[in-house]
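The values are calculated or read from the model by the stated rules, or taken from the named source; none is laboratory data. Everything numeric here is computed off the predicted structure, so don't read it as measured data. Positions of Cβ are generated from backbone atoms using ideal geometry, with glycine treated the same way; all protein chains shown enter the neighbour counts.
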Amino acid sequence: MSTLFSPFSLPSPRGGLALSNRIVVAPMCQYAAVNGQATDWHLAHWAQLLNSGAALLTLEATAVLPEGRITPSCLGLWDDATAHALGDYLHRARALAPHAAICIQLAHAGRKASSAVPWQGGALLSPAAGGWQTVAPSALPHLPGEAAPHALTEAGLDTVCQAFVDAARRADGLGIEAIEIHAAHGYLLHQFLSPLANQRTDSYGGTLENRLRFPLRVFAALRQAFRGVLGIRISATDWAEGGWDLPQSLVLAERLKALGCDFIHVSTGGLSAQQKIPLAPGYQVEFARAIRAATGLPTTAVGLITDAAQAEAILNAGDADLIALARGLLYQPRWPWAAAAALGGSVAAHPAYWRCPPRGTPAIFGETVMGGR
C-alpha cells in the first residue's frame, strides 16, 4: 500500500482523529472576508478543497481579534457574527463533499497586520487608508520605513491570550475537529520567539526561556480549553543571522510536547526582510525530519512538495507523517486524485465525479461517506 494513501491518526484528549490518508490542505489566505465574516467565496473554495481527496482541510489564518487580521479582508473568529458566518458556510461546504476532517488555523498577525491584500501591493496601511495601529512584542516595524507597532503591555498580552481561547471555544462549537496555532511566517507568536523581533527587557524577552514564554502560555491556555486535536505551525528558522533557528525550534518542540501538543506543522521564514531562503524541492523537509526525530511528535512537511513520488519518498524515509500542499492544490485541485492513480491509492469523491477519470486510469475512488461531522 502507498504510504501517502495509508490511514493516520492524530492523537487528542478526545481520543484521536482518524485520517484516511496523509494529505493535508495547508492554510491559504483568501482575502475574501467582509468584517472578518466568511462569504460566498469561502463556500466555493472550501467545497472545492473538500472534494480534492485530501483527508484534512486546514482553514486559512483566522484572526482571533480584528486588529490581528493580516488585511482588512481576512477571516476572523472573534465574535458571534464571525462565528455564525464561518459556521454557516462551512456546514454547507461539508454537505457538498465527502467526509474530511477540518482544522482551523488561529492567528494574530502582530506587526504584519493592517496590510493591503497582496494584489494591491501588501504594504502596511495607515488608519486613513483603512488600516489600524498594530501591536507586537517590541516597537520594531517589520520593514524599514513602516510605522512602528505598539509594544504589547501585560494587559494586552492577557487580551490576546484570552482571544485565542475564545476563538478555540467557538471553533469547537462549530464542529471543527482540530486547531493549528499560527506561530510561523513572522506573525505575532513567531515575533515573540525570534530575537530579531523581540527585544523586550521583561520576562517575555531576552533569553530563550523568556521568548518562549508567551507562545507557550497561549498553547497551554488552548490545551486547557480545547480537547480536540491541537497542533502548531512554526517557522523552524528565520533564514537570517541572529534569528530564530532549528536548535531553538527543537527546544520549543520539546516544551510543546510536554504541554500536550498533537502535531507540528513545520515551515520556515517570513519574519525578516534579510532572510535568504535556498528554495529547492522539499527545502523545508529537513526541519520536519529533525523535529520528528528529536520529539517523536507527528510532523507535517510542507514547501515545494509537488510530485506524488516525492511525497511518498518523504514519508517512507520517516521524515514526516503528513504532507501538506497549498498553492499546488489551488493550481491542481485534484492533485490527490492524480497521486492516487500514480501510487495505487484511493480517494473519496462525490459520486457525481466518479465517471470523470480518463480511460485507462486505475480505479481510484473508494467508498465515499458524504458530509461532515
### Message
If the requirement is being farther than 27 Å from residue 249 by Cα and not β-branched (Val, Ile, Thr), which of these qualifies: 172, 158?
### Response
172
### Residue under evaluation residue 260, criteria (1) assigned to a helix (DSSP H, G or I); (2) in contact (Cβ under 8 Å) with a residue 60 or more places away in the chain; (3) more than 21 Å from residue 142 (Cα to Cα), criterion not met
(1)
### Message
Would you confirm whether or not region 269-287 contains a residue that is of a type in the set (A, V, I, L, M, F, W, C), surrounded by 15 or more Cβ atoms within 10 Å (Cβ to Cβ), in contact (Cβ under 8 Å) with a residue 60 or more places away in the chain and assigned to a loop (DSSP other than H, G, I, E, B)?
### Response
yes
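To keep it simple, each residue is scored yes or no on (1) surrounded by 24 or more Cβ atoms within 10 Å (Cβ to Cβ); (2) free of Cβ contacts under 8 Å to residues at least 24 places away in the same chain; (3) in contact with a helix residue (DSSP H, G or I) (Cβ under 9 Å, 6 or more places away or on another chain).
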| residue | (1), (2), (3) |
| --- | --- |
| 53 | yes, no, yes |
| 56 | yes, no, no |
| 69 | yes, no, no |
| 80 | no, yes, yes |
| 83 | no, no, yes |
| 87 | no, no, yes |
#### Entry: In region 103-158, the residues that are farther than 18 Å from residue 202 by Cα, within 25 Å of the chain's Cα centre (by Cα) and of a type in the set (Ser, Thr, Tyr)
114, 115, 134
### Query
Out of the residues in region 314-325 that are buried (at least 16 other Cβ atoms within 10 Å of the Cβ) and not acidic (Asp, Glu), which is nearest to residue 249 (Cα to Cα)?
320
### Query
Does residue 211 satisfy the condition of being buried (at least 19 other Cβ atoms within 10 Å of the Cβ) and either outside any strand (DSSP E or B) or in contact with a Gly (Cβ under 9 Å, 6 or more places away or on another chain) (or both)?
yes
### Query
Which residue, of 146, 180, is buried (at least 16 other Cβ atoms within 10 Å of the Cβ), of a type outside the set (Lys, Arg) and part of a strand (DSSP E or B)?
180
## Note on the structure
Within region 289-307, residues assigned to a helix (DSSP H, G or I) and of a type in the set (A, V, I, L, M, F, W, C) come out as 290, 291, 293, 294
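Results for (1) assigned to a loop (DSSP other than H, G, I, E, B); (2) polar (S, T, N, Q), shown as yes or no for each residue.
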site: 1; (1), (2): yes, no
site: 4; (1), (2): yes, no
site: 21; (1), (2): yes, yes
site: 24; (1), (2): no, no
site: 45; (1), (2): no, no
site: 62; (1), (2): no, yes
site: 71; (1), (2): yes, yes
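Conditions tested, residue by residue: (1) among the small types (Gly, Ala, Ser); (2) touching a Gly at 6+ places or on another chain (Cβ under 8 Å); (3) farther than 28 Å from residue 288 by Cα.
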residue	(1), (2), (3)
155	yes, no, yes
158	no, no, yes
166	no, no, yes
186	yes, yes, no
#### Entry: Residue check for residue 240: touching a residue at least 40 places away in the same chain (Cβ under 8 Å) and either surrounded by 19 or more Cβ atoms within 10 Å (Cβ to Cβ) or over 18 Å from the mean Cα position of the chain (by Cα) (or both)
yes
### Message
Return the residues of region 337-353 that are free of Cβ contacts under 8 Å to residues at least 24 places away in the same chain and surrounded by 12 or more Cβ atoms within 10 Å (Cβ to Cβ); say none if nothing qualifies.
### Response
341
### Query
Do we find that residue 348 is within 25 Å of residue 87 (Cα to Cα) and at pLDDT 90 or above in this structure?
yes
### Task
For residues that are small (Gly, Ala, Ser) and either more than 13 Å from residue 85 (Cβ to Cβ) or free of Cβ contacts under 8 Å to residues at least 12 places away in the same chain (or both), scanning just region 34-51, find the one that is surrounded by the most Cβ atoms within 10 Å (Cβ to Cβ).
47
### Query
Which ones in region 58-97 are among the charged types (D, E, K, R), touching a Lys or Arg at 6+ places or on another chain (Cβ under 9 Å) and closer than 23 Å to residue 165 by Cβ?
79, 80
### Query
Quick one: in region 355-370, which of the residues that are surrounded by 12 or more Cβ atoms within 10 Å (Cβ to Cβ) and of a type outside the set (Val, Ile, Thr) is nearest to residue 47 (Cα to Cα)?
370
#### Entry: Residue check, residue 76 crowded, with 22+ Cβ neighbours inside 10 Å, in contact with a helix residue (DSSP H, G or I) (Cβ under 9 Å, 6 or more places away or on another chain) and not hydrophobic (A, V, I, L, M, F, W, C)
yes
### Summary
Quick count over region 173-231, residues being within 22 Å of residue 300 (Cα to Cα) and not β-branched (Val, Ile, Thr), is 27
